[in-house]
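Please read the structure below before turning to the comments.
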There are 2 protein chains.
Amino acid sequence: MRIGAIEAGGTKFVCGIGNEQGIIEDRISFPTGQPDRTLEQVIAYFEYKEVDNIGIGTFGPIDIDPSSPSYGYVTTTPKPGWANYPFLAKLKQAFDVPFGWDTDVNAAALGEAVWGAAKGLDSCVYYTIGTGIGVGVFVEGKLVHGLVHPEGGHILTRHHPEDRFAGTCPYHGDCLEGMASGPAIEKRWNLKGSDIPADHLAWAMQAFYMGQAVAAAILMLSPKKIILGGGVMHQKQLFPLIRAEVRNNLNGYVSAKAVLDSIDDYIVPPSLGDNAGLCGALALGLQAMEGRIS
Amino acid sequence: MRIGAIEAGGTKFVCGIGNEQGIIEDRISFPTGQPDRTLEQVIAYFEYKEVDNIGIGTFGPIDIDPSSPSYGYVTTTPKPGWANYPFLAKLKQAFDVPFGWDTDVNAAALGEAVWGAAKGLDSCVYYTIGTGIGVGVFVEGKLVHGLVHPEGGHILTRHHPEDRFAGTCPYHGDCLEGMASGPAIEKRWNLKGSDIPADHLAWAMQAFYMGQAVAAAILMLSPKKIILGGGVMHQKQLFPLIRAEVRNNLNGYVSAKAVLDSIDDYIVPPSLGDNAGLCGALALGLQAMEGRIS
C-alpha cells in the first residue's frame with residue numbers, strides 16, 4: 001500500500017509517502033505560506049505518486065466532526081488566510097482517495113500507538129510541549145474528538161510557590177500553556193530554554209506544572225501510556241522530575257503497576273523521533289483505508 | 001428481553017429487572033453487608049427470574065480489565081470484607097448469562113447516554129458529587145477503562161481565595177474530592193449541606209471548585225454533555241453558578257456552540273432521577289448482550 005502523509009504545521013509542511021509498516025519512503029518539506037499556495041505545493045507533490053489514501057495531521061483548531069458543515073476546515077486560527085479555510089475539501093478535489101483528517105497531536109498519538117512508544121496498546125495520551133501545549137488522546141482504540149477535540153494544554157494548574165510569572169496565554173494567562181510552553185519558559189527567565197542549565201530551578205518548576213497536567217490526564221483518562229514530546233522535552237532531565245511530581249500528586253491512589261512500579265516505562269518520550277508527525281499522518285491514512293475515518 | 005440490573009453501593013444494594021427501553025419492572029433494595037451474605041441476597045433475588053443478562057454498576061475501586069487475573073474483583077476498598085473480593089465470579093457461578101461489569105459512575109454515564117440526558121450522543125461525562133466525587137467517562141461510543149478506570153474526583157484544583165479549609169481526602173488532602181465532596185462541605189462550614197442557605201458563600205465556593213473540574217473535563221475529553229449528579233447537586237442553585245465558572249475558566253477558547261451559546265443544555269442534571277443507578281446497570285446488561293462487554 002502507498003500511503004500519503006501530510007504533517008501540516010504552523011511554520012512548515014512535511015509531505016511524504018509511506019507504507020503500512022510505518023516506513024517513510026519519500027518526503028518533502030516547505031514553509032507554510034498562504035493556504036491556496038501551500039496546498040498547490042502539496043498537490044504538486046502527490047500528483048502522479050498514485051497513493052491509495054492520504055492522512056492529514058494538522059495544526060488547528062480544526063473541525064473534525066463529519067456531520068458539521070465546516071468539517072475539514074481550519075477554524076479560528078490567527079494564522080493569515082487560514083481561518084475558516086476548507087483544507088480537506090481542496091485536497092479532495094484533487095485526489096479521489098480516502099482521507100484521514102485530525103489534529104497534529106491526535107495524529108502523533110495514533111502514530112505512537114500503531115508503531116511507536118504505545119505500540120499495541122489501546123490507549124495513550126500524547127503531549128507536545130513547544131510553542132504551545134497540545135494533547136492528543138487515544139482511548140479504547142479510538143482517537144477522541146467529541147464536541148471539538150481535546151485542548152488539554154489549557155487546563156488550570158496551581159502556581160509553583162516560588163513562581164511570580166503571570167503567564168503568556170492570550171485566553172487564560174496562567175493556564176498550563178501560559179506557564180509551561182517554550183515561550184513561557186523563555187519569557188519567565190529571559191533566557192532561551194537551550195541556554196538554561198539542566199540543574200536550574202526553571203526545570204523543577206516546569207516539572208511542577210507538567211506533573212499536575214500528567215496526573216490530571218491519568219485521573220481523567222486512565223491511559224496505558226503517557227508520551228511527552230515537543231521541543232521543551234528535548235531537555236531530558238525533565239522526565240525523572242515529572243515522574244516524581246506525578247507520583248507525588250497521585251500519592252498511591254491510582255493502584256496500577258504502571259504508575260506504582262514502572263513509571264519510567266509509563267511516562268516516556270515519543271519513540272518515532274523526527275518521524276513522529278509524518279508517521280502520525282501515515283497512521284491516519286492507514287486508518288482511513290480501514291474505513292474507521294473517512 | 002429481561003435484563004437484570006445490580007446497583008452495588010457502599011451503603012445499599014439495589015437489584016432490579018428491566019427491559020431494553022430502560023423501563024424498570026421490579027426492584028428490591030437492602031443494606032450492603034459482608035460480601036458473601038450480600039451476594040446471597042442478590043442471588044436469591046434473581047433466582048427463578050430468568051434474566052437474559054445482568055449488568056453490575058458497582059462502588060470500587062474495581063478491576064475492569066478483562067485480561068487481568070483479578071478481573072471482576074473489588075480491589076483496595078477499606079469496606080470490611082470487600083477488599084480483593086471476587087464479586088463478578090461469585091455471580092457467574094450462580095447464573096450462566098452474559099454479564100456487564102463496570103464502575104457505578106461509568107454505569108450512570110452509559111445509562112444517561114442510552115436513555116437519559118445524553119440520549120443519542122456518543123460522549124458524555126458523568127460526575128457524582130456526594131460522599132465522594134466520582135467520574136464516569138463515555139467517549140466515542142465507549143466507556144473509558146484504560147489502565148484502571150478514571151478517578152477524576154481526585155484532580156488538583158486551585159484554592160478559592162477565601163478558603164482556608166485543608167481538605168478531607170486521606171490521599172491528597174485538598175484535591176477536588178477533598179474540597180468539594182459532601183463531607184468536605186459539612187466539615188468546612190460545620191453545617192449539614194441541607195442546612196446551608198442557598199445564597200451562602202459555601203455554594204459559590206463549591207461552584208468555584210466544580211467549575212475547574214468541569215472545565216478540565218471539557219479540555220481533556222471534549223464531551224458532548226456534562227451531567228452533574230449526586231446528593232450535593234440536589235442544591236439546584238449550583239447549576240448556574242458552575243456554568244458561569246466554566247465559561248469564565250474557558251474564556252471563549254473552546255469555540256463550540258454548546259459551550260458558548262447553550263451551556264444551560266450542556267451542563268445538566270441527570271434525567272433518570274432516582275432510577276439513574278439502576279438504569280446504568282441495566283444499560284451495562286444490555287451492552288453485555290450486544291457483545292460489547294462480556
Inset, instruction - Filter region B:43-57 for residues that are over 22 Å from the mean Cα position of the chain (by Cα) and not in a helix (DSSP H, G or I) and give the result. - result: B:47, B:48, B:49, B:50, B:51, B:52
Inset, instruction - Those residues that are farther than 22 Å from residue A:245 by Cα, of a type in the set (Val, Ile, Thr) and facing another protein chain (nearest Cβ under 8 Å), I need them from region A:126-170; list them, please. - result: A:139, A:144, A:148
Inset, instruction - Evaluate region B:76-98: report whether one residue or more is more than 14 Å from every other protein chain (Cβ to nearest Cβ) and among the hydroxyl-bearing types (Ser, Thr, Tyr). - result: yes
Legend entry - Residue under evaluation residue A:68, criteria (1) free of Cβ contacts under 8 Å to residues at least 24 places away in the same chain; (2) over 27 Å from residue B:260 (Cβ atoms), criterion not met: (2)
Inset, instruction - Looking for whichever is over 25 Å from residue A:133 (Cα atoms) and among the aromatic types (Phe, Trp, Tyr) here; the options are A:59, A:87, A:99. Which one fits? - result: A:99
Legend entry - Filtered residue count, region A:214-248, keeping only those that are closer than 21 Å to residue B:145 by Cα and either touching a residue at least 12 places away in the same chain (Cβ under 8 Å) or away from chain B (no Cβ under 14 Å) (or both): 15
Legend entry - Members of region B:155-194 that are hydroxyl-bearing (Ser, Thr, Tyr) and under 16 Å from residue B:130 (Cα atoms): B:168, B:181, B:194
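Residue-wise test of (1) of a type in the set (D, E, K, R); (2) assigned to a strand (DSSP E or B); (3) not assigned by TED's automatic domain parsing to the domain that holds residue A:214.
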residue: A:112; (1), (2), (3): yes, no, yes
residue: A:122; (1), (2), (3): yes, no, no
residue: A:127; (1), (2), (3): no, yes, no
residue: A:135; (1), (2), (3): no, yes, no
residue: A:138; (1), (2), (3): no, yes, no
Inset, instruction - Taking the options B:199, B:174, name whichever one is of a type in the set (D, E, K, R), within 13 Å of chain A (Cβ to nearest Cβ) and out of contact with any strand residue (DSSP E or B) (no Cβ under 7 Å at 6 or more places or on another chain). - result: B:174
Inset, instruction - Considering (1) among the β-branched types (Val, Ile, Thr); (2) in a helix (DSSP H, G or I); (3) within 30 Å of residue A:120 (Cβ to Cβ), say which one residue B:185 fails and leave the rest. - result: (3)
Legend entry - Test result for residue B:186, buried (at least 21 other Cβ atoms within 10 Å of the Cβ) and either in the same structural domain as residue B:57 (by TED's automatic domain parsing) or of a type in the set (Asp, Glu) (or both): no
Legend entry - Residues satisfying the stated conditions in region A:268-294, i.e. over 14 Å from the mean Cα position of the chain (by Cα) and within 18 Å of residue A:231 (Cβ to Cβ): A:268
Legend entry - Breaking point among (1) surrounded by fewer than 24 Cβ atoms within 10 Å (Cβ to Cβ); (2) among the β-branched types (Val, Ile, Thr); (3) under 22 Å from residue A:211 (Cβ atoms), for residue B:155: (1)
Legend entry - Options B:128, B:77, B:103; residue that is of a type outside the set (A, V, I, L, M, F, W, C), over 17 Å from residue B:217 (Cα atoms) and surrounded by 24 or more Cβ atoms within 10 Å (Cβ to Cβ): B:103
Inset, instruction - Determine, yes or no, whether residue A:162 is modelled with pLDDT of 95 or more, assigned to a helix (DSSP H, G or I) and surrounded by fewer than 19 Cβ atoms within 10 Å (Cβ to Cβ). - result: no
Legend entry - Single unsatisfied condition, residue A:17 versus (1) closer than 23 Å to residue A:290 by Cα; (2) in contact (Cβ under 8 Å) with a residue 40 or more places away in the chain: (2)
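The values are calculated or read from the model by the stated rules, or taken from the named source; none is laboratory data. Everything numeric here is computed off the predicted structure, so don't read it as measured data. Positions of Cβ are generated from backbone atoms using ideal geometry, with glycine treated the same way; all protein chains shown enter the neighbour counts.
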